[in-house]
């Protein structure tokens, strides 16, 4: 099972457990755990998007040597900009 599927499964289990438990402290712990896993999953997915975008930028630039950090940072900037635009367009549609 790959890491993403494993985390998704753990989120599902924690969420289900939170719904079944009666003790509020335990419920909150399960919910917190599920939220932490969601954040980890988000970071993993974002890192994959950044990696793919950085590679794309590097190829478009002719595959220059020793500029990996430049392409990584530009890819991060572009991904974040797209995410912010998505938030804005999503908020304006509501």
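The values are calculated or read from the model by the stated rules, or taken from the named source; none is laboratory data. For clarity, every value in this text was computed on a predicted model and none was experimentally measured. No Cβ is skipped: glycine too gets one built from the backbone with ideal geometry, and neighbour counts run over all protein chains shown.
Restricting the search to the stretch 14-29, which residues are over 19 Å from residue 4 (Cα atoms) and surrounded by 12 or more Cβ atoms within 10 Å (Cβ to Cβ)?
The answer is 17, 18, 21, 26, 27, 28, 29.
Looking at the stretch 32-55, can you tell me whether even one residue there is at pLDDT 95 or above, assigned to a loop (DSSP other than H, G, I, E, B) and exposed (fewer than 13 other Cβ atoms within 10 Å of the Cβ)?
There is no residue in the stretch 32-55 that is at pLDDT 95 or above, assigned to a loop (DSSP other than H, G, I, E, B) and exposed (fewer than 13 other Cβ atoms within 10 Å of the Cβ).
Residues in the stretch 66-77: is at least one surrounded by 11 or more Cβ atoms within 10 Å (Cβ to Cβ), free of Cβ contacts under 8 Å to residues at least 24 places away in the same chain and not in a helix (DSSP H, G or I)?
Yes - at least one qualifying residue is present in the stretch 66-77.
Quick one: is residue 80 surrounded by 11 or more Cβ atoms within 10 Å (Cβ to Cβ), farther than 30 Å from residue 13 by Cβ and modelled with pLDDT under 95?
yes
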